[in-house]
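Novice: Please read through the structure below; I'll follow up with questions.
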Amino acid sequence: MADNIDLTNFSEAELIQLNRRIVERLRSLHQGRCYKDLAQFKLGDAVCFTPEHGRIVVGPIVRLNQKTATVATRDGHQWRVSPSFLSRVTDQVQNDKQDLAEVVSLHSGGNARKLPP
């Protein structure tokens, strides 16, 4: 399809404008996917993901941002993760549900302890 478009007839200004419109459309598509992916999750959901170093990270979602979900871990770290990298935790963490609930309750509410960044 892209091979059929003859760009040689466009001026520099027209190409710049076309580029801006293409980038804007790509951002819109990406944002729509992010919203759709984030809609699968809610606060308190136990999730896991694997960062670059290969260790599986597990924790509850403590905040849903525009493009990411914030996941808190037991060791006090917070991760902002794209929803496309998150998976729901199922049976493997049923024993730790109480711990996950405690992390969420510490993070939310008036007397919440602030977790380190």
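Novice: What's the ranking of 53-59, 17-23 by average number of surrounding C-beta atoms within 10 Å, highest first? Walk me through the numbers before you get to the answer.
Specialist: Working: 53-59: 13.0, 17-23: 10.7.
Listed from highest to lowest mean packing, they are 53-59, 17-23.
Novice: Modelling each spin label as a point 7 Å along the Cα-to-Cβ direction, I'd like the Ile56/Arg88 distance in nm, to one decimal.
Specialist: 1.7 nm
Novice: Restricting to DSSP loop positions (anything but H, G, I, E, B) with no more than 14 other Cβ atoms inside 10 Å of their own Cβ, which chymotrypsin sites (Phe, Trp or Tyr not before Pro) remain in segment 1-69?
Specialist: Phe10
Novice: Under 5 Å between amide hydrogens, which residues at least 5 positions from Arg63 or on another chain qualify, with H placed 1.01 Å from N in the peptide plane?
Specialist: Thr70
Taken together, the values in this text are just the output of simple stated rules run on the coordinates, not laboratory data. This structure is a prediction, so every number in the text was calculated from the model and none was measured. So basically every Cβ, Gly included, is an ideal-geometry build from the backbone, and we count neighbours across all protein chains shown.
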